[in-house]
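See below for the structure under consideration.
Computed from the coordinates by the stated procedures, all read-outs in this text should not be read as laboratory data. Quick caveat, the model's predicted, so the values are computed rather than measured. Positions of Cβ are backbone-derived with ideal geometry, glycine not excepted, and every protein chain shown enters the neighbour counts.
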Amino acid sequence: MFTFGNILAVGSTAFLIGPVQQARMMLDPVRIYATAIYVGSAIVALVCALWIHSKMLTLIAIIIEICALVW
């Protein structure tokens with residue numbers, strides 16, 4: 001649920017400022033690493049939660065996701 005909420009939050013900001021502007025901001029050279037880590041950890045969290053059913057791996061992926069958001 002946490003990852004779905006974060007995806008909706010990113011989608012809502014894309015709705016407010018436009019998807020092209022959102023993509024430009026996320027792919028800015030300063031933010032590219034944080035964006036890559038965030039998207040990767042969101043995918044890993046969903047895979048661990050929905051297919052692997054590992055609570056520990058899901059928790060680790062969510063912690064990484066939070067760190068990427070703060071970064």
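Data table
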{"read-out": "Every pair of residues 6+ apart whose Cβ atoms lie under 7 Å, when the first sits in the range 13-28 and is within 18 Å of TRP71 (Cβ to Cβ) while the second is of a type in the set (Val, Ile, Thr) and surrounded by 12 or more Cβ atoms within 10 Å (Cβ to Cβ)", "value": "GLN22/THR13; MET26/THR35; LEU27/THR35"}
{"read-out": "Residues of the range 1-38 that turn out to be loosely packed, with under 11 Cβ neighbours inside 10 Å and in contact with a helix residue (DSSP H, G or I) (Cβ under 8 Å, 6 or more places away or on another chain), as a count", "value": "0"}
{"read-out": "Test: ALA42 is of a type in the set (Gly, Ala, Ser) and within 9 Å of the chain's Cα centre (by Cα)", "value": "yes"}
{"read-out": "Of all residues making up the range 36-56, the number that are of a type outside the set (A, V, I, L, M, F, W, C) and over 22 Å from ALA23 (Cα atoms)", "value": "3"}
{"read-out": "Pair list, Cβ under 7 Å, 6 or more apart: the range 43-64 residue closer than 19 Å to TYR33 by Cβ, other residue of a type in the set (Asp, Glu) and surrounded by 12 or more Cβ atoms within 10 Å (Cβ to Cβ)", "value": "ALA45/GLU65"}
